[in-house]
Amino acid sequence: MKVHFDITAAMMDRSLVQGVADLITSLNTPSFETELADLVAAATGFDSMVMVALFERGGIRPLFNNLSQADLVRTLEPYLAGAYLIDPWYNMALAGAPNGLYRLSDIAPDDFERSDYYREYYAGIGLHDECVLLVKLSAGAWALLSFGARVGPPRSESLERLQQIAPCLIALCERHWSNLVIDDAPEVSLESLCLAKGLSKREVEVIGLLLRGYSNKLIAREMDISPETVKVYRKRINKKLGTSSAREVFASFFSSPSNGVALGHAA
């Protein structure tokens with residue numbers, strides 16, 4: 001069988017291959033996360049990197065970030081404090097999404113940009129074209145690697161090049177974090193917070209979808225009920241929480257003391 005080899009493409013990708021080689025060399029060393037971030041930045045132009053471990057039982061553990069102090073305060077601190085519980089990425093992992101590279105624009109609900117999560121938190125973090133590499137580490141644990149651009153939109157070929165190396169990154173992340181301890185992860189969930197406020201399990205389902213940006217119509221479709229029934233549930237939720245709008249429901253779980261979102265409990 002004759003093999004065709006594009007020498008021009010090979011020369012262009014030489015630096016990418018070297019970056020992967022350096023990453024393999026750093027496997028299971030303290031420099032792994034930095035090497036991974038450097039590789040992705042060089043290959044794609046994505047200059048913002050956040051890596052966290054998420055747990056099915058609740059809880060989150062930071063693994064790496066290259067954020068400035070200002071971006072740390074407005075982006076990562078609120079996320080670690082509890083905003084992750086209604087994050088599309090976290091809920092995608094809980095829903096059993098396979099390992100892979102995903103774009104926020106492909107997985108967020110239709111009304112995401114009208115959700116209070118988006119308006120109160122996500123719109124202020126300053127990311128362009130966020131992508132996430134989702135890696136299943138063990139039963140009940142995932143690594144979530146967020147890549148985005150803060151200094152203007154990324155290059156047009158960024159996603160394509162990231163897709164090229166994604167299988168290698170997934171395999172290396174699985175190996176690097178294979179011994180991640182999850183027993184000490186705290187048990188916390190949006191459901192437990194809602195039940196503590198006196199909401200029923202069906203009301204918890206409604207509020208979870210509502211906070212993540214689902215419209216009444218989408219909530220009805222997701223729960224296989226009518227939009228009118230969703231309205232009834234929302235009235236009950238407002239009565240129990242002493243609220244009158246989705247924004248106030250959001251505020252009953254989150255506060256914004258310093259231009260950021262902070263959950264009313266520590267994760």
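The aspartates and glutamates within cross-link reach of residue 240, meaning a Cα-to-Cα straight distance under 13 Å and a gap of 8 or more places when in the same chain, are 203, 248.
Using the 1.4 Å probe convention, the accessible area of the chain works out to 50 Å² per residue with neighbouring protein chains retained.
Expressed as a whole percent, the accessible area of the chain that falls on carbon and sulfur atoms is 52 (1.4 Å probe). In the chain, the calculated helix contribution to ellipticity at 222 nm averages -13000 deg cm²/dmol per residue, counting -39,500 (n - 2.57) for every DSSP H run with n ≥ 4. When semi-axes √(5λ) of the Cα gyration tensor in Å is calculated for this entry, the matching label among (1) 37, 19, 18; (2) 30, 22, 18; (3) 27, 21, 17 is (1). Please compute P(r) over all alpha-carbon pairs of the stretch 140-253, binned at 5 Å starting from zero, and give each bin as a whole-number percent. The calculated distribution, bin by bin, is 2, 9, 15, 13, 10, 10, 13, 14, 10, 4, 0.
Residue 115 sits among other residues whose Cβ lies under 15 Å from its own Cβ, and their net charge, with Lys and Arg +1 and Asp and Glu -1, is -2. Neighbours of residue 130, meaning other residues whose beta-carbon lies under 14 angstrom from its beta-carbon, give a summed charge of -4 when Lys and Arg score +1 and Asp and Glu score -1. State the answer as a single residue: which of 84, 179, 109 lies farthest towards the positive end of the charge dipole of the chain, with beta carbon charges of +1 for Lys and Arg and -1 for Asp and Glu, about the Cα centre. Farthest along the dipole direction, towards plus: 109. Projecting the Cα atoms of 230, 188, 67 onto the dipole axis of the chain, where Lys and Arg carry +1 and Asp and Glu carry -1 at the beta carbon, places 230 farthest toward the positive end. Computed from the alpha carbon positions, the gyration tensor of the stretch 48-127 leads to an equivalent ellipsoid with semi-axes of 19, 17, 12 Å, biggest first. Centre-to-centre, using Cα atoms only, the stretch 163-237 and the stretch 89-117 are separated by 10 Å.
The values are calculated or read from the model by the stated rules, or taken from the named source; none is laboratory data. Please read these numbers as outputs of a predicted model, since none were measured by experiment. Glycine also receives a Cβ, built like all others from the backbone with ideal geometry; neighbour counts cover every protein chain displayed. Accessible surface is based on the protein model in full, side chains and every heavy atom, while ligands, DNA and RNA are left aside. Shrake-Rupley method; radii C 1.70, N 1.55, O 1.52, S 1.80 Å.
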